[in-house]
Amino acid sequence: MAKVKTAFVCNDCGADYRKWQGQCSECRAWNTITEIRLGPAKSAGVARSTHAGGYAGTTAAVRLLKDIDVVELPRFSSGLQELDRVLGGGFVPGSAILIGGHPGAGKSTLLLQTLCTLATQHSALYVTGEESPQQIAMRADRLSLPTDTLKIMAETDVDAILAAADQHKPKVMVIDSIQVVHSEAIASAPGSVSQVRECAAQLTRFAKQSGVVMILVGHVTKEGSLAGPKVLEHMIDCSILLEGEQDSRYRILRGSKNRFGAVNELGIFAMTDQGLREVKNPSAIFLDRAERPAPGTTVMVVWEGTRPLLVEIQALVDDSSLGNPRRVAVGFEQNRLAMLLAVLHRHGGIQVGDQDVFANVVGGVRVLETSADLALLTAIVSSLRNRVLSRDMVVFGEVGLSGEIRPVPSGQERLSEAAKHGFRRAIVPRGNAPKQPIKGLEIIPVSRLDEALQAVQ
Ligand code: TYD
Ligand code: MG
């Protein structure tokens, strides 16, 4: 009889160990390491070929790269432009896609809408493990989606799912969600790393062999990472996050890995009572400038993928009653805020050491670009001085550790977009000052932080 192989895996982060230990050396969590059975040696061999990335068999020929035929990827549209954009132009047959997000973000809604429409042209299968078929039918009915051709199945056993997929041969299938799928061959509970790992491996392997587009839904943990992220990362071709606060109207699709395209594109949707609706021209959706101006707000232009986005940044600086004043960043990186405050002190001569600082991006957007640095600092200074900034002004630029203002990509396009939305003044890095004047927009180029702070006075 074949010897059963086992391994020790952390249930939180998915790190592998040879022996059991009390604390995971990767993520420092206690008592999260469990023993898993790896299955018989035969399937381990198949798993190894998965890691090599191919199904060409074990005796693959060695060839020159130039001799490999370059074929255009036979993509097909998902029916939603914003989703296609994030995927890099549509679904690629045989690919495995992971869609992550907080519970309630709208993953099931998005995929149900996509699949119902797609099913009118291609064969599609929706496997639900969390909601009953009745619940899904009710939702589809309420959203007036075409339900005639979409196949649906309530199942969580991976073997049964694969058998059904083999029989019905869909072109696209959704597993909602990977965390509830389990395999009989593995002793641990559904949702544990070993189950997720084995089931996702079997499903991706099936996708490669059969050419079906396999979409796996995954919930993210409180910290914002997919449960057992390391486990899934290397298996899937494309990882997409659906972001957005529960109380915000907008949902943003952001790619974090894509083997078939770029990852910097955003797809933007609005959650309405009719489900998710695409926002085709999102440049100014997060701007709401109707109210009275207040100190502590600045408008900046973010460049996401191939599109500009005007967003409002708010800061509140207030006397702190704590020995260790708070620095809270919502929509920004916390460490970046701390770093910028240090630069503000050293190179701008402004001290906020005894103040609480709160920073927020309006509308629940997450800004990962460094071009937000200067806008964030001007908002902080505006709040500290309790002085309203000019409402027709946009600010962007990266702030370096020595107080220099560095240029950011696509400066010209950002400025044109600001001018289009009626802004009259722009504080920009000197390196981004356009050669030709932009009609109706006064450009104030700055190269150091103190210059920039003087310009916003
Ligand atoms: P859902 O797709 O079930 O989220 P997930 O699968 O990511 O957990 O979305 C649920 C949320 O979306 C729920 O809070 C209500 C909201 N929603 C609407 O606002 N309008 C709608 O038409 C639908 C279907 C959902
Ligand atoms: Mg769901």
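The values are calculated or read from the model by the stated rules, or taken from the named source; none is laboratory data. In this text the structure is predicted, and so the values were computed from the model without any measurement. In this analysis, Cβ positions are derived from the backbone assuming ideal geometry, glycine residues included, and neighbour counts consider all displayed protein chains. Keep in mind that these areas ignore ligands, DNA and RNA; they rest on the heavy atoms of the full protein, side chains included. Shrake-Rupley method; radii C 1.70, N 1.55, O 1.52, S 1.80 Å.
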Volume per residue that the Cα convex hull of segment 285-455 spans, once the total is divided by residue count, Å³: 106 Å³
Disulfide-incompatible cysteines by the Cβ rule (no partner under 4.7 Å) in the chain: C116, C199, C238
Carbon + sulfur, % of accessible area of segment 180-318 - ligands and nucleic acids excluded, 1.4 Å: 50 percent
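For segment 172-223, what class follows from the C-alpha gyration tensor (a ≥ b ≥ c being the square roots of its eigenvalues): rounded when a/c is under 1.5, otherwise prolate if a/b is larger than b/c, else oblate? Walk me through the intermediate numbers first.
Values: a/c = 2.49, a/b = 1.32, b/c = 1.89.
It comes out oblate by the Cα gyration axes.
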Centre separation in Å (Cα based) which lies between segment 288-332 and segment 388-457: 17 Å
Inter-label distance, nm, simple model (7 Å from Cα along the C-beta direction), N386/R37: 7.0 nm
Computed FRET value (nearest 0.05) for T272 with M339, which takes r as the C-beta separation and R₀ as 41 Å: 0.60
Residues with amide H under 5 Å from that of A15, placed H, sequence gap 5 or more: C10
Placed amide H near A284: partners under 5 Å, 5+ positions off or other chain: L310
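Would you calculate the convex hull of the Cα atoms in segment 82-226 and tell me its volume per residue in Å³?
Spread over its residues, the Cα hull of segment 82-226 gives 111 Å³ apiece.
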Chain lengthening between R424 and D159 when straightened (0.36 nm per residue, less Cα-Cα): 89.2 nm
Percent of C-alpha pairs per 5 Å bin, segment 163-301, short to long: 2, 8, 14, 17, 17, 14, 11, 7, 4, 3, 2, 1, 0
Over the chain: helical MRE at 222 nm, DSSP H runs n ≥ 4 each giving -39500 (n - 2.57), nearest 500: -8000 deg cm²/dmol
Residue-by-residue Karplus 3J(HN,Hα) for segment 60-67, coefficients 6.51, -1.76, 1.60, Hz, glycine and proline x: 5, 7, 8, 10, 7, 4, 5, 7
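Given axes a ≥ b ≥ c from the Cα gyration tensor, I'd like to know whether segment 280-334 is rounded (a/c under 1.5), prolate (a/b larger than b/c) or oblate.
Values: a/c = 4.21, a/b = 1.79, b/c = 2.35.
Here segment 280-334 falls in the oblate category.
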Beta bridges per DSSP with both ends in the chain, % antiparallel, nearest 5: 55 percent
Per residue accessible area in Å² of the chain, where ligands, DNA and RNA are left out and the probe is 1.4 Å: 49 Å²
Distance (nanometres) between label positions extended 7 Å along Cα→Cβ at C27 and D450: 4.7 nm
Residue-wise HN-Hα coupling along segment 273-287, computed from phi with Karplus coefficients 6.51, -1.76, 1.60 (Hz; x: Gly, Pro): 6, 9, x, 7, 10, 6, 10, 7, 10, x, 4, 10, 5, 8, 8
Amide proton proximity set for Y250, modelled H, under 5 Å, gap of 5+: M271
Rg/Rh (Cα only; Kirkwood hydrodynamic radius) as it applies to segment 354-424: 0.97
Fraction of beta bridges assigned by DSSP in segment 81-280 that are antiparallel (%, nearest 5): 40 percent
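Any idea what % of Cα-Cα pairs in the chain are farther than 27 Å?
61 percent
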Separation of alpha-carbon centers, segment 230-261 and segment 87-154, rounded to whole Å: 16 Å
Estimated distance in nm for a label pair at D354 and D148, the labels positioned 7 Å out from Cα along Cα-to-Cβ: 7.4 nm
